[in-house]
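*Asks:* Right, I'll just put the structure down here and ask away after.
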Amino acid sequence: MLRPGDRGFRALTRPQNLRYDRGEPLGVARPRDAAEIGAAVGLAREVGMPIVLRSGGHSYAGCSTIAGLVIHTGLMRGVRHLGDGLVEVVSREMG
C-alpha cells in the first residue's frame with residue numbers, strides 16, 4: 001500500500017488525461033494475487049472508502065481516478081470474469 005508522498009505514488013495515480021488530475025487518492029494498493037485484492041477491498045469496506053481499479057490509467061473519461069483507494073493491477077498478469085461476481089486473478093510470478 002502506498003500513500004501520498006511515498007516514492008512512486010504519483011506515477012501510479014496520475015491520470016493520463018490531466019483534465020481529471022483534481023487531487024490525489026488516499027492510497028494505492030498494488031496486489032499480486034487474489035488474496036491481496038481481497039485484503040484491499042476488505043480494508044476499503046471496513047473504513048467506508050470508495051475504490052476503483054486501475055490498469056494503464058489511460059481512461060479518457062477519468063474512470064481510474066477517485067478520492068479513495070486505487071487498486072492498481074499492474075503487478076498482475078490477468079483477470080478473468082467467472083460470473084456471479086467472481087473473478088480469477090493470475091499474478092506475474094505465477095506466469
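The values are calculated or read from the model by the stated rules, or taken from the named source; none is laboratory data. This is a predicted model, so every value here is computed, not measured. Backbone-built Cβ (ideal geometry, glycine too); neighbour counts: all protein chains shown.
*Asks:* Across the stretch 33-87, what is the total count of residues that are polar (S, T, N, Q) and in contact with a Leu (Cβ under 9 Å, 6 or more places away or on another chain)? Lay out the reasoning, then the answer.
*Replies:* Filtering the stretch 33-87 down to residues polar (S, T, N, Q) leaves 55, 59, 64-65, 73.
Right, trim to in contact with a Leu (Cβ under 9 Å, 6 or more places away or on another chain) and you get 64, 73.
Within the stretch 33-87, residues that are polar (S, T, N, Q) and in contact with a Leu (Cβ under 9 Å, 6 or more places away or on another chain) number 2.
*Asks:* So, one more: Consider the stretch 74-95. How many of its residues are outside any strand (DSSP E or B) and at pLDDT 85 or above?
*Replies:* Of the residues in the stretch 74-95, 1 are outside any strand (DSSP E or B) and at pLDDT 85 or above.
*Asks:* Name the pairs whose Cβ atoms lie under 9 Å apart, with the first residue in the stretch 1-15 and touching a residue at least 24 places away in the same chain (Cβ under 8 Å), the second among the acidic types (Asp, Glu), and 6 or more positions between them or separate chains?
*Replies:* If the second residue must be among the acidic types (Asp, Glu), the pairs left are Thr13/Glu24; Arg14/Asp21; Arg14/Glu24; Pro15/Asp21.
*Asks:* Could you list all residues from the stretch 1-16 that are loosely packed, with under 15 Cβ neighbours inside 10 Å and out of contact with any strand residue (DSSP E or B) (no Cβ under 7 Å at 6 or more places or on another chain)?
*Replies:* Pro4, Gly5, Asp6, Arg7, Arg10, Ala11, Arg14, Gln16
*Asks:* Follow-up. Are any residues in the stretch 22-38 surrounded by 14 or more Cβ atoms within 10 Å (Cβ to Cβ) and either among the charged types (D, E, K, R) or in a helix (DSSP H, G or I) (or both), and if so, which ones? Write out each step before concluding.
*Replies:* If we filter the stretch 22-38 for residues that are surrounded by 14 or more Cβ atoms within 10 Å (Cβ to Cβ), which is where we start, we get 24-34, 36-37.
Selection gives Glu24, Arg30, Arg32, Asp33, Ala34, Glu36, Ile37.
*Asks:* Shifting gears a bit: For the stretch 63-88, enumerate the residues that are over 14 Å from Met1 (Cβ atoms) and either acidic (Asp, Glu) or surrounded by 16 or more Cβ atoms within 10 Å (Cβ to Cβ) (or both).
*Replies:* Residues satisfying the conditions are Ser64, Thr65, Ile66, Thr73, Met76, Asp84, Glu88.
Residue-by-condition table, conditions (1) at pLDDT below 85; (2) within 25 Å of Val87 (Cα to Cα); (3) in contact with a helix residue (DSSP H, G or I) (Cβ under 8 Å, 6 or more places away or on another chain):
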residue	(1), (2), (3)
Thr13	no, yes, no
Pro25	no, yes, yes
Asp33	yes, yes, no
Ala39	no, yes, no
Val52	no, yes, no
His72	no, yes, yes
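*Asks:* Considering the stretch 3-60 alone, what residues qualify as being more than 11 Å from the chain's Cα centre (by Cα) and among the hydrophobic types (A, V, I, L, M, F, W, C)?
*Replies:* Phe9, Ala11, Leu18, Leu26, Ala34, Ala35, Ala39, Leu43, Ala44, Val47, Met49
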